[in-house]
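See below for the structure under consideration.
The values are calculated or read from the model by the stated rules, or taken from the named source; none is laboratory data. Just so it is clear, the structure is predicted and the values come from calculations on it, not from any experiment. Positions of Cβ are generated from backbone atoms using ideal geometry, with glycine treated the same way; all protein chains shown enter the neighbour counts.
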Amino acid sequence: MKTTLSYKILIWTGIAVLLVWSLGPIYWTIASSVTPSADFSTRPINFFPQHFTLDHYSRLLGVNIARIGGVEVFKQFRAALINSVVTSVAATLLCVAISAFGAYAFTRLQFPGRKALFIIVVATLAIPAYAVLIPLYQIMIKLHLVDTYVGVALIYVSAFLPLSLWLLKSVFEALPIALEEAAQLDGAGRLYIFFNIVLPLAGPGLTAAAILTFLGAWGQYLVPLIFSPQATKPLTVLIPEFVTKNFIDYGLITASGSIAIIIPALVVIFLNRYLVSGLLAGSVK
Amino acid sequence: MHKFILPLLASAALVIAMPAFGQDAKPLAGQSITVLMPSPQGPNIAEDFEAETGIHVDLQTLSWDDIRPKLVTALVAGTAPADVTEFDWSWTGQFSAAGWYMPLNDVIDADTLEDIGVAKIFTVDGKLLGIPYTNDFRVMLVNKKHFADAGVANMPKTLNDLVAAAKAIKEKGVTEYPIGLPVSATEGASTSWYLLTKAFGGELFDKDFNPLFLQPDSAGYKALAFELMLLKDGLVDPASTGLKDSQINESMFSQGLTSIMISGEPGRLGQMNDPKQSKVAGQVEAILVPTESGETRSFGLPEALAIPNVSENKEAAVAFVKWFTSREFQKKNAVNGFLPTRTSALSELNEAGKLNSGDALVAQSKTVEALFPQGTPPWYPQFSSGVNTAINSAAKGQMTVDQAMEAIATAAKQAMAQ
Amino acid sequence: MSVVASGNVANKRGVGFNADTTLGLLLVSPIVITMVALVFYPMGRTVWDSLHRVNPMQVGTPFVGLENYSRMLSDAQLATTWGNTLTYVVLAVLAEIILGVLAAALINQIKTGRQWVLAAVILPWALPGVVNSVIWLWIYQPGAGLLNGILVALGLPFENHVWFNDRTSAIIAVTVVHVWRMMPLTIVIVLAAMQGIPAHLYEAARIDGATRVQMFGLVTLPLVRSAIAVAMTNATVNAFNLFDEAWVLAGASLETRPVLVQIYLETFQNLRFSYGMALSVVVTLVSLLISLVYVLRVYRNTRFD
C-alpha cells in the first residue's frame, strides 16, 4: 500500500509518544543519578541536570569513600551484581532445558496424564508468591538450600517454568512434523531427533523463553529477600537498603538502579528480535 | 576495653552454667554466629567483636521494612532467622505471645538493667525479651535560624506557643509550611498522633484497654483535631498525606523547607547538622516536646537485640548482645546515629560535649514513658495500622474526626478480638 | 473435571507403556519433581493450613473447617481491598490491551529502526520492580516531582498537587505505574502474532478496496485474537498480583490498598497466618477463573472462524 506523507507523520508521532512514555521515567532515573543531592529539592524542577556529578556512582563504586553509614557499599554492590547474574543465568539455563524436554514430551509423546499435567502446571501462573512462601521456606530449610545459588535458582525455575513451557509447547507444535517423520523412517531415535532436528529449528523460541525467564529472575524481590539473606543477596534486595528507616538516598538508588538496568537493557537491545520471532514461531496458542 | 568486657563475659559464662574455663580470656573463641540488623550499621562490628572474643560474626543487614517479614517467615517455620536479631519495641507483645524469643533475665545483670531504663518496654510478664541498643524517643526538632528570621525569640513550651510560632514563620514567609507532620498511612503518622495525645495530657487506653479517645474533650480526639487544624491553616504541607516521616525529614526539614518537626527523632540530629547531608547544618536543635500544659512528655520507641529460642549458639549470641549494649560500645556507636540506651553512656557523652543538643536530649530522655504502661499488647501492629489508615483518610478529607476516632476504636476492637 | 477426563481418554486409547510413554514420562519428570516439591506441595500445605487456625500467638493449630473463608464475608476492610483490586484489574487489563494492541500495530508499521523502538518499549519491563516503584514515587512527588513539573511547565496550576489525596487519582496513579511496567509484555506477544499474518491477506483486502482501518479491523484483529487472549490472561494475573506499586506509592492507605497488601498485612503484621493463606487461595482461584473465561471464549470463537 502506498504510504502517504501524512500517514507516515501519524505513525511516527505515535512512535514518538510511545518512546516518551517508555523512556521518560528511565531518562529521569539516569538524569537523577548524575544530579547532586543538593539539587534534588530544587523547585521548579529542572528537566536536565544543571550540575553534572558522578558522585553517586563514585560512592557506589567506592572510588572516594569505602563506606556509607558503615556499609561497605562497593564490596556489597559487586557481590550483589555477581549474585544477580549467577542466579538469573543458572535459573534461565535450567528452566529452558527442563521446559524444552517437557514441551517435546507434551507435543510429540503420548503418556498418561499428559493434558492434565500441562494444564495444572500452566495454572500455577496464577499463584501469588505469598501463597507458598512459608511452606516453601520450611522445605528449603530442610534441604539446606537457603542462601545457596541452587536453592534460589530452583525457586525461580519453579516460578518461570509454566510460562516457558507454555511458550515452547506452542513453538514445538508449530514445527513441521515432516522432517521428524522422515528421520524416524531412517531409524533415528527420539532423542536424536530432539537434539539434532527439533532444537535447532526451535532456536528463536528457546531464546525467547530464555529472555522471558532471565528478565523475570533478574527483577525478583520477595523470593531473594527471604531465601538469599546474605551470601547470595542480589541487587534487587540490596538496592532497598539504601532506603533505611531514617533516610532515602535517592542518589544511590537511582545510580544503582541505572546500573541494575544495564544488563537487562543489553539483553533487550540485542536479543529482542528473537523474543518476537520466538513468540511468532509459537504464535502463542 | 578489655577491662570492661572480661568481667561481663566471665559472668555470662557463669550464669549460663558453662563449665568455667577459669582463666581462658576467650572461652567462646572459634564459635560462629549470625546477626540480623537493619542497615546501616557501624563498619567494624564483626572485626571488633571477633578481635575481643574470638567469636566470628556473620552480620546480615536488610532494609528496615524488610526485616520483619524475614523474621516472621523464619520464626513461624520454626527456624532461627539469625542467632541475634533486631527486635523493635512495637513487636514486643506479638513476639512474646508467640514465645519466639529467649528471656534474657538470667544473663543480664541488675546493674545493666538499672542503667538501661527503657529495657522495661521489652519486659512482658517479668520476662525480658530484648536488650535495647538504640534509644529512640520523641523530641521536637526546630530550625533556630527560621525562628530567628521570623522574630520568634522563645522556643515554644505549649502547643499554643507552637501554633503562634508556626504562624509567625509562615507570615514572615520564612517557610510556606512551617510544621512537618506525617499523615500518610505509615507508622510515622501513628506515632505522631500518640505523641500529640500525650501532649494533650491523655493516654490511648485505660488499664483495661478501653479506648479513651472517643469523647470530643479527650486528648486523642483533640490531637487529631489539632492535626487537621494545622493542615487546614496551611501550617502543614497537604502533601504530607503521602509522605513517611523519613521523607519529611529528608526532603523538607533537611532542605530548609519546613521549620519544626513535631515528632522529631533525636538520632537525626547528627545527620541534619552534617553539611554533606543537609542544607540546614548548624541550624537544627532539639527542644523539649511542647504540651497543652507546658510540662513536657515523651514516649520511647527503642530498638533492641534479642535471641530466638531456636538459636543454636545461645552463649555466643549472649556475648554479642552484651558487647553491643556495653557502655563503651554504645559511646563509640553514637557516631553512627545510635543514641545510647544506657543513662550512664548518655550522660558521659553529653559531658564530653559529644551530643548535639545534649542537654535537651538528656532532659527529655528522663521524661520518656512507655506508650503502653501495661506493656505493648500483641495487637499493637494491627491497631497502629488502623490508626494511621484512619488519620490518613481524615487528612484527605474522607472522614471527620468523629468517624476517624470511631474507626480507630473499631480497629482496636478487631485487633483485640484476634 | 474435564481435565481429568481427557487424561483418561488418552489412556483408554490404549497407549500402553511403550518406549514413547517411558521417554515421555522421563522427559517430564524434572518438571514434575520441581513443581511438586516447590509449588504443588507448598500450595497443598497452604490450602491445608487455611482450614486450620494457624496463629503463633495462640496455642495449637485446631481444625476450623471453612471458618477462615466464611470470616472473609464479614470483613469490611477486605471488601474495600477487593473493590480496589477489581478496579485495578479492569483498568489495567483494558489499558494494557487497548494501548498495547495499538502500540504493537504502530511498531508493526515501521521498517526502519524497528529493533531499536522495540528495545525501548520493552525496557520498562526489564527494570526491577523495586527500582521502578521508587522512581515513580519520585515522579509523583508533589513538590519537586517530574509530573507536576511538566504540568507546571505547560502552564497548568499543579505546583503542589497531591495525587494521592483523591481516591480516583490515587488509584489511577497506581494503575499507570503497573501498566507502564506490564504493557511491554502485551506489545511483544501481540506484535509477534501480527508479524505472523501472511502478507497476501492484506494484499487481498487491498484489492477489495479496504481502508487501513478496515484492514486492521477485518484482518489484523481477528488473527491476533488468541494472542490477545494470552496477553489478557497475563495482564489479569499480574493485576491481581499488584503489590509493589501500591505499597511503595501509598503505603497501607485503605483507598489504594489491593488484596495482596491485605494478605501481607494479615500475615506479617497481624500474624493471622491461616487467614492470610485462605485469602491467597481465593485470589489464586479468582484470577484463574477470570483467565479461564478469556481462554475458553477465544477457543470457541476461533473454532467458529
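Here are some notes:
- On inspection, C:Arg167 does not qualify as over 30 Å from the mean Cα position of the chain (by Cα) and at the interface with another protein chain (Cβ under 8 Å from one of its Cβ atoms).
- The single residue among B:Leu371, B:Leu361 that is assigned by TED's automatic domain parsing to the domain that holds B:Lys120, at pLDDT 90 or above and buried (at least 20 other Cβ atoms within 10 Å of the Cβ) turns out to be B:Leu361.
- Some residue of the range A:122-131 being within 13 Å of chain B (Cβ to nearest Cβ), in a helix (DSSP H, G or I) and either modelled with pLDDT of 90 or more or within 26 Å of A:Ile211 (Cβ to Cβ) (or both): yes
- Looking only at the range A:41-62, residues that are within 8 Å of chain C (Cβ to nearest Cβ), buried (at least 18 other Cβ atoms within 10 Å of the Cβ) and of a type outside the set (Val, Ile, Thr) come to 1 in all.
- Exclusive hit being among the hydroxyl-bearing types (Ser, Thr, Tyr), within 14 Å of chain C (Cβ to nearest Cβ) and in contact with a helix residue (DSSP H, G or I) (Cβ under 8 Å, 6 or more places away or on another chain), set B:Ser278, B:Ser240: B:Ser240
- Only one of C:Leu151, C:Leu106 that is at the interface with chain A (Cβ under 9 Å from one of its Cβ atoms) and free of Cβ contacts under 8 Å to residues at least 40 places away in the same chain: C:Leu106
- Scanning the range C:278-290 for residues that are facing chain A (nearest Cβ under 7 Å) and crowded, with 23+ Cβ neighbours inside 10 Å yields a count of 4.
- The residues of the range B:71-123 that are touching a Leu at 6+ places or on another chain (Cβ under 7 Å) and among the charged types (D, E, K, R) amount to a single one, B:Glu86.
- Checklist (1) crowded, with 23+ Cβ neighbours inside 10 Å; (2) under 28 Å from C:Val130 (Cα atoms) applied to C:Val248, failing item: (1)
- Any hit, the range A:246-267, residues being away from chain C (no Cβ under 12 Å) and either at pLDDT 85 or above or over 18 Å from A:Leu94 (Cβ atoms) (or both): yes
- Summed over the range B:79-94, residues that are more than 9 Å from every other protein chain (Cβ to nearest Cβ) and not charged (D, E, K, R) total 8.
- Residue list for the range B:42-73, restricted to those being without any contact (Cβ under 8 Å) to a residue 12 or more places away in the chain and under 17 Å from C:Gln269 (Cβ atoms): B:Asp65, B:Asp66, B:Pro69, B:Val72, B:Thr73
- Among (1) crowded, with 24+ Cβ neighbours inside 10 Å; (2) within 17 Å of the chain's Cα centre (by Cα), the one test that B:Leu162 misses: (2)
- A:Leu225 being modelled with pLDDT under 85, under 24 Å from the mean Cα position of the chain (by Cα) and of a type outside the set (S, T, N, Q): yes
- Of all the listed residues (B:Ala199, B:Ala223), the sole one being farther than 20 Å from B:Thr186 by Cβ, of a type in the set (A, V, I, L, M, F, W, C) and at pLDDT 95 or above is B:Ala199.
- C:Leu118 part of a helix (DSSP H, G or I), farther than 30 Å from C:Val282 by Cα and within 13 Å of chain A (Cβ to nearest Cβ): yes
- Applying the criterion of at least 1 residues that are closer than 27 Å to A:Asn272 by Cβ to the helices (runs of 4 or more DSSP H) found wholly in the range A:184-243 leaves A:203-218, A:222-227, A:235-238.
- In the range B:201-237, the residue that is surrounded by the most Cβ atoms within 10 Å (Cβ to Cβ) out of those that are free of Cβ contacts under 8 Å to residues at least 60 places away in the same chain and within 14 Å of another protein chain (Cβ to nearest Cβ) is B:Val236.
- For the range B:241-316, the strands (runs of 3 or more DSSP E) that sit wholly inside it and include 1 or more residues that are more than 30 Å from B:Ala77 (Cβ to Cβ) are B:260-264, B:284-287.
- Scan of the range B:63-73 for residues that are facing chain A (nearest Cβ under 7 Å) and touching a strand residue (DSSP E or B) at 6+ places or on another chain (Cβ under 9 Å), ordered by number: B:Ser63, B:Trp64, B:Asp66, B:Lys70
- Hits in the range C:80-103 (condition: more than 12 Å from chain A (Cβ to nearest Cβ) and of a type in the set (A, V, I, L, M, F, W, C)): C:Trp82, C:Leu86, C:Val89, C:Val90, C:Leu91, C:Ala92, C:Val93, C:Leu94, C:Ile97, C:Ile98, C:Val101
- Pairs with Cβ under 8 Å, 6+ apart, first in the range A:193-207 and in contact (Cβ under 8 Å) with a residue 12 or more places away in the chain and of a type outside the set (Val, Ile, Thr), second part of a helix (DSSP H, G or I) and surrounded by fewer than 17 Cβ atoms within 10 Å (Cβ to Cβ): A:Leu201/A:Leu179; A:Leu206/A:Leu199
- Exclusive hit being modelled with pLDDT of 95 or more, touching a helix residue (DSSP H, G or I) at 6+ places or on another chain (Cβ under 6 Å) and surrounded by 19 or more Cβ atoms within 10 Å (Cβ to Cβ), set C:Ala119, C:Ala104, C:Ala92, C:Ala144: C:Ala92
- Among the residues listed as B:Val107, B:Val142, B:Val118, B:Val76, the single one being of a type in the set (A, V, I, L, M) and within 14 Å of chain C (Cβ to nearest Cβ): B:Val76
- Scope the range B:398-418; condition aliphatic (A, V, I, L, M) and either more than 25 Å from the chain's Cα centre (by Cα) or buried (at least 16 other Cβ atoms within 10 Å of the Cβ) (or both); matching residues: B:Met399, B:Val401, B:Ala404, B:Met405, B:Ala407, B:Ile408, B:Ala409, B:Ala411, B:Ala412, B:Ala415, B:Ala417
- So C:Leu156, is it more than 9 Å from chain A (Cβ to nearest Cβ), surrounded by fewer than 20 Cβ atoms within 10 Å (Cβ to Cβ) and in a helix (DSSP H, G or I): no
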